[in-house]
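Working notes for the structure below.
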Amino acid sequence: MCVLTAGQDQPSRKAYSETTRMKPLRDRPQARWLFSQFALPRGLLGSLAGAIMARGNADMARLTLDMLQPEPAERVLEIGFGPGVAIELLAEHVTAGLVAGVDPSQVMLNQAVRRNRQAIVTGRIDLRLGSSDHIPWADGTFDRACSINNVMLWNLRTDVREVRRVLRQAGRLVIAVHKWTLGGESGGLLRLGATFPSLEGVVQALEGAAFRDLDVRRLPTRSGPAVFVVAQAS
């Protein structure tokens, strides 16, 4: 057994602190677990993540709706509705049609249902568990669709085609995402090792899935600079 005496070098708190700071954030299990709560919220921390997203992404949701331009009698889909803030805003515009959404998190479904209970009871909103790789509606169901801060979790090659499947011809799609998530290694925080797609990768996937008239816009939001991609289904 080795015992350090007063005269021997011992690791200091400062040394431990500096070592911790030097370690990449995505390599720390605690950080990876925490950030995964924003990808698939669950449990008590997932509920907290939902509250943070509801507050931080509200202006991003409003900008997305400005670009989506839903009509009162249309059928509109949100992929990854989270706490249901954008769903609520959509229902204010779509008064004679249908607002629908899919999200893989039961915690987020519960929060979104509480936020939109009355419109769900009257049949104006339909929220389901699901994800971008399997959208539980028939071909050409929707006039418009949107995604806010979750395209980085998609399998772009296949999921964009699934979104195109449920959109009618000439239907509009708006994808909104924080600028810092595009093309950086920080993606490992959410996908636990994978990297986020580049903006070019998103554009190429859309073009490959028969979307046209792509329009890329960069705007500031409360939670940071954001990129919006507007596309038309051909």
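The values are calculated or read from the model by the stated rules, or taken from the named source; none is laboratory data. Here the structure is a predicted model, which is why all the values come from computation and not from measurement. Virtual Cβ from ideal backbone geometry, glycine too; neighbours counted across all protein chains shown.
So how many residues does region 176-208 have that are at pLDDT 80 or above and either in a strand (DSSP E or B) or among the hydrophobic types (A, V, I, L, M, F, W, C) (or both)? Selection size over region 176-208: 10.
Looking at region 123-142 only, could you name the residues that are in contact (Cβ under 8 Å) with a residue 60 or more places away in the chain and crowded, with 22+ Cβ neighbours inside 10 Å? Matches in region 123-142: 142 only. Could you pull out the residue among 94, 99, 107 that is of a type in the set (Val, Ile, Thr) and out of contact with any Lys or Arg (no Cβ under 7 Å at 6 or more places or on another chain)? Only one candidate passes the filter, namely 94.
Against the numbered list (1) modelled with pLDDT of 95 or more; (2) under 19 Å from residue 136 (Cβ atoms), residue 92 comes up short only at (2). Within region 214-234, residues that are under 17 Å from residue 173 (Cβ atoms) have Cβ atoms under 7 Å from residues that are modelled with pLDDT under 95 and assigned to a loop (DSSP other than H, G, I, E, B) in these pairs: 227/182, counting only partners at least 6 apart in sequence or on another chain.
Close contacts from region 149-175, counting a first residue that is within 13 Å of residue 138 (Cα to Cα) and in a strand (DSSP E or B) and a second that is basic (Lys, Arg) and at pLDDT 95 or above, with Cβ to Cβ under 9 Å and a gap of 6+ residues or different chains, come to 167/144; 168/75.
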